[in-house]
Amino acid sequence: MMELPLVFMAGALGSAHCVGMCGGFALMIGANSAGAMYNLGRQLVYSLGRLFTYVFLGLVCVHAGQRLAAWSSSAIWISAGLAIVAGCFLLFQAGSIFLIWPRRWTGSGGTPCLAGGFVGTFLRAPGLTNAFLAGILTGFLPCGLLYGMLALAASTASLSQGALTMAVFASGTMPLMVATGLGGSLLGVSLRRRVYLVAGFCVLLAGVVSVARGVTALRHLPGENPAAACPLCR
Amino acid sequence: MTLGTDRHRPCDFCGLPTGFSAAATGPVYCCYGCRFAAGVTGAQGESGQSRWMLTRLGLAIFFTMNVMVFSMALWSTDAFGQGALADPRSRVLWDLFRYLSLLFSLPVVFLLGGPLVESAVADLKQGRPGSDLLLVIGVLASFGYSVSALLGGSTHIYFEVACGVLVAVTLGRWLEAIGKQRTVDSLKSLAKLLPDRVRVSTSDGEDWRDLNNVQPNDILRVLAGERIPLDGVVVERPAFVDEQLITGESQPALKRPGEAVHGGSLNLEGELVLRVTAAASEGTLRRLISAVQSAAETKGQSQRLADIVSTWFLPVVGLLALLAFYLNYQVGAGPQSGILAALAVVVIACPCALGLATPMALWTAMGRAAISGVMFHDPEALEKLSKTETILLDKTGTVTTGSAKLVRTLLESSEPEDRVRSIAASAARSSKHILAERLAAEFASQRSFPTTVIEHLPGRGIVCRVEGVPDDVLMGSRRFLESRGVSMDGEVSATSKAAEAEDLGWMYLAWGGQARAAFAFEETIRPQAHELIRLAGERRIAVRVITGDRPARASKLSELLGIDVEGGLLPDEKLARIHEARNRTRGSVVMVGDGINDAPALAAADVGIAMGTGADVSREAADICLLSNDLARIIWAIQLSQRAVRTIRYNLAWAFAYNVVGIGLALTGLLNPIFAAFAMAASGILVIGNSLRLNNFPEPDSFANTSASLGDSSDATGGTHKMNDRSLVAYWAAS
């Protein structure tokens, strides 16, 4: 899995964007914490909660992929197809980071999400358990980057590999989120925008690698070991 | 209106009607979701008890995720597939995962099963066992089976099913409850507009007092830009007041000393000193809100149908679940597949979506209408209004402005002029007819005599006794007086007869068999009448005017408006016209009037609309009260009702199709109960979300136009009142 470093970088740099969206949550977690050490603990526990959910979602996606593969006769085809789909998804995300196509904003107008109060209660409540639960719940919030990573996890066709991908991605998002929760915004808006662009390149690369992996696997006859044939997957 | 026998206690959380009678004691909830949500928000704020309910759900979600991870690992082919169990290490891991599943699912069952059991028991105690009971049985069965299977070494364990169903059901119902509460919120937030504390003038200066402690006759001071907290009468200094919230009228009204102001209106300009006339609990705003609430508590036809369905629900679903168990057991997949299929049936057959489909949409639409000054008394009126094919309008006070102008006065020369005027003023003050009221206002400075009404004939006139006059005094139309044997040959009636060809409305005063005075009024057509006719024409709704006024004036009006106007109708003839119209069309016939003189006509139509009722929303004969005089808002209300009915149809179609397909799938055993639980939650939330969209129904057009002009004229006064009431609600909620 040569994507893993890229996945980590995508998470680490992509969280420059996350800070815009989820940074508010980190700040809320921090707001109720007396003392920097206690706050650090809460921030870590909160991020662990997110990690837990990301890994869980990754496992669900892998499992769904496996079901799909078991359903059709040629497992390699499914796995390769998933890799290509995941790659395309990541490429699409990269495109929206570079603003090649506009990001679709849902959630403008209309009634606010009914679940908002549910998550908010945990974010505001003191104690480590509540911070952890808040992390678990915010992990379910929609995020394009997350979906790309989930597709990537599903394409690994292995529970452990999928879990690893998501865990690496989640750890990538941790430094900036924890830093935000601790010290408010360390990075200014313009700097965050630039860091986010770099993250776009990581996502782009991860997408290219994933598509290439899928295509290579497809070009080889079933029966051959696709991983052995793929120059990138060794 | 169907009140009394059909009243039910509203849910203590969301405010929607429950199946419990008004006599039920203790807190009452319409569903498990509301019970749970009430537990969450009940102990106000963030205190321990309330957060514990949520923490329960959060922890249950965490444990369930773990159980599902173990289950997925157990199912996974790359971990334990294809004979991997032959490997002893793998075997140990496999057993570990199985026991961990049990370990992690135990807290879920205790955390979430507890409240569900409580809810099922509460239903049982009220003698109406519901779907919660079936759910409890189903979840316990699948959990119990899995425990025995685990101990017996079988591979078939379904801990994730019990956990997933509990989490999805709780989460789904909780979200539903929040959504339901939101439909009621928009109205309740109107009450929150009132300030908590008010300035009360006392003998030694001024005092801030709690709103609820203000008594009638207290003197309040309200500064410019503040909301008037209570109903009252202006004591000092005139002021411009925005009454949009109460009357829907967007033009500011000038209130002079002695005039009444409604609590909830906004003081635009000048410092207002007022004497309170009603305590907070009896004020206009409170009555408006409770009018809509009591309307929603009245069960419509479709709601009664839903009630009948739900009494059959439990036995039918119970039988279906047994059938599912039997079928899947027989097919040979073992008791576990029977249990799972039965659980799936119980979960998917939850009637939530079906039960919510109609009331949610009606309630939201009625709340939306109320915000724009259209008050429904009855949910059925909304359903009928959507089928409007004919609109019949009363003329006086409806098509024409209520404020007729007195343009000519003819007095019998044989009587002292002042005495005739005083007798006219006395009689006019006893009548509710629009012309009489106008006359009373014109003669406000006139001395009047004690008067008792003997007879009041709506639309024709009154007979009364006025102190100092030996005979009965009659006031009314020429026709009415003639029918009572009054001679119309005198000086007054001869002159007026010559003038009756003009487009004026005449009212006569007579006693002693002789007409003594005649008053001529000029009416003006409401500008919105033209818009109503234009908009109705676009929608192929027939509009006609039926009036008791003279045919000559009717044809004049017909010319001006370009529609049919039938004049010279007595009240019972008006009724006959309405019945004819109802027989002619398949759709609904809407009668629009002022709600006082034409009460029988309003009651006879499919939908009776009373115009310009202001805060007087209790006009019983009308199904709908238009707080403002904006006739075009009738079309707006029709559009809203059509949207609401369409929403109801979509909701019902969806809920029905979902139940049929879902139950079918569940019977075959193809539907995993977890998916069933999520589908159930999604279905209910879809229905609520679909209904809540009615809240976004646009404001009436004419509304927007007039508020724009209001904004222009009032920029100098700070501009807060430029926002319409909806944005005000948002503004106040945010601050």
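The values are calculated or read from the model by the stated rules, or taken from the named source; none is laboratory data. Note that the coordinates shown come from a computational prediction; the quantities given were computed from them, not determined experimentally. As a convention, Cβ positions derive from the backbone with ideal geometry for all residues, glycine included, and neighbour counts pool all protein chains shown.
Of all residues in region B:102-121, none satisfies being surrounded by 14 or more Cβ atoms within 10 Å (Cβ to Cβ), modelled with pLDDT under 80 and part of a helix (DSSP H, G or I). Mind listing just one residue for me: the one in region A:133-159 that is within 14 Å of chain B (Cβ to nearest Cβ) and in contact with an Asp or Glu (Cβ under 7 Å, 6 or more places away or on another chain) and, of those, surrounded by the most Cβ atoms within 10 Å (Cβ to Cβ)? Per the criteria, the residue is A:159.
Counting only helices (runs of 4 or more DSSP H) that fall entirely inside region B:657-735 and contain at least 2 residues that are within 14 Å of chain A (Cβ to nearest Cβ), on the phi < 0 side of the Ramachandran plot and modelled with pLDDT of 50 or more, the qualifying elements are B:673-692.
Does residue B:586 meet the test of being in a loop (DSSP other than H, G, I, E, B) and either surrounded by fewer than 24 Cβ atoms within 10 Å (Cβ to Cβ) or at pLDDT below 85 (or both)? Criteria met by residue B:586.
Pairs under 8 Å by beta carbon, first residue within 14 Å of chain B (Cβ to nearest Cβ) in region A:160-183, partner among the aromatic types (Phe, Trp, Tyr) and not in a helix (DSSP H, G or I), six or more apart or different chains? Pairs found: none.
Among all positions in region B:433-450, there is at least one residue which is modelled with pLDDT of 85 or more, among the hydrophobic types (A, V, I, L, M, F, W, C), touching a strand residue (DSSP E or B) at 6+ places or on another chain (Cβ under 6 Å) and surrounded by fewer than 20 Cβ atoms within 10 Å (Cβ to Cβ). I'd like the residue in region B:147-156 that is touching a helix residue (DSSP H, G or I) at 6+ places or on another chain (Cβ under 7 Å) and free of Cβ contacts under 8 Å to residues at least 60 places away in the same chain and, out of all such residues, is farthest from residue B:73 (Cα to Cα). The qualifying residue farthest from residue B:73 (Cα to Cα) is B:147. Selection of region B:263-282 for residues being surrounded by fewer than 24 Cβ atoms within 10 Å (Cβ to Cβ) and in a loop (DSSP other than H, G, I, E, B) yields B:270, B:271, B:277, B:278, B:279.
Here the condition is being in contact with a helix residue (DSSP H, G or I) (Cβ under 6 Å, 6 or more places away or on another chain), buried (at least 21 other Cβ atoms within 10 Å of the Cβ) and either at pLDDT below 80 or more than 11 Å from every other protein chain (Cβ to nearest Cβ) (or both); of A:49, A:87, it holds for A:87 alone. Total residues in region A:52-64 satisfying the condition of being of a type outside the set (A, V, I, L, M, F, W, C) and at pLDDT below 90: the figure is 1. Quick check, is residue B:453 surrounded by 16 or more Cβ atoms within 10 Å (Cβ to Cβ) and among the aliphatic types (A, V, I, L, M)? Spelling it out, it is not the case that residue B:453 is surrounded by 16 or more Cβ atoms within 10 Å (Cβ to Cβ) and among the aliphatic types (A, V, I, L, M).
Suppose we filter region A:65-78 for residues that are part of a helix (DSSP H, G or I), surrounded by fewer than 17 Cβ atoms within 10 Å (Cβ to Cβ), at pLDDT below 75 and within 14 Å of another protein chain (Cβ to nearest Cβ); how many remain?
Initial filter on region A:65-78 (part of a helix (DSSP H, G or I)): A:65-71, A:75-78.
Now drop any that are not surrounded by fewer than 17 Cβ atoms within 10 Å (Cβ to Cβ), which leaves A:67-68, A:70-71, A:77.
In the following step, the residues that additionally are at pLDDT below 75 were identified as A:70-71, A:77.
Then keep just the ones that are within 14 Å of another protein chain (Cβ to nearest Cβ); that gives A:70-71.
Matching residues across region A:65-78 total 2.
If you go through region A:29-46 and keep only what is aromatic (Phe, Trp, Tyr) and modelled with pLDDT of 85 or more, you end up with just A:46.
Out of the residues in region A:117-132 meeting the condition of being closer than 15 Å to residue B:174 by Cβ and within 8 Å of another protein chain (Cβ to nearest Cβ), tell me which one is modelled with the lowest pLDDT.
Going through region A:117-132, the residues closer than 15 Å to residue B:174 by Cβ turn out to be A:117-122.
Then keep just the ones that are within 8 Å of another protein chain (Cβ to nearest Cβ); that gives A:117-118, A:121-122.
Values: A:117: 61, A:118: 65, A:121: 71, A:122: 75.
Here the answer is A:117.
Restricted to region B:353-433, the set of strands (runs of 3 or more DSSP E) holding at least 1 residues that are of a type in the set (D, E, K, R) and on the phi > 0 side of the Ramachandran plot is empty.
Condition check ((1) touching a residue at least 40 places away in the same chain (Cβ under 8 Å); (2) over 30 Å from residue B:489 (Cα atoms); (3) in contact with a helix residue (DSSP H, G or I) (Cβ under 8 Å, 6 or more places away or on another chain); (4) surrounded by fewer than 22 Cβ atoms within 10 Å (Cβ to Cβ)) across all residues:
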{"site": "B:348", "(1), (2), (3), (4)": "yes, yes, yes, no"}
{"site": "B:363", "(1), (2), (3), (4)": "yes, yes, yes, no"}
{"site": "B:386", "(1), (2), (3), (4)": "yes, yes, yes, no"}
{"site": "B:391", "(1), (2), (3), (4)": "yes, yes, yes, no"}
{"site": "B:413", "(1), (2), (3), (4)": "yes, no, yes, yes"}
{"site": "B:416", "(1), (2), (3), (4)": "no, no, no, yes"}
{"site": "B:423", "(1), (2), (3), (4)": "yes, no, no, no"}
{"site": "B:426", "(1), (2), (3), (4)": "yes, no, no, no"}
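Against the list (1) of a type in the set (S, T, N, Q); (2) closer than 27 Å to residue B:371 by Cβ; (3) at pLDDT 80 or above, the condition residue B:201 fails is (2).
A quick yes/no check of all residues on (1) charged (D, E, K, R); (2) closer than 30 Å to residue B:644 by Cα:
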site	(1), (2)
B:378	yes, yes
B:389	yes, yes
B:399	no, yes
B:408	yes, no
B:415	yes, no
B:434	no, no
B:437	yes, no
B:454	no, no
B:465	yes, no
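Residue B:47 meets all of the listed conditions (1) farther than 22 Å from residue A:162 by Cα; (2) within 13 Å of another protein chain (Cβ to nearest Cβ); (3) modelled with pLDDT of 65 or more but one, namely (3).
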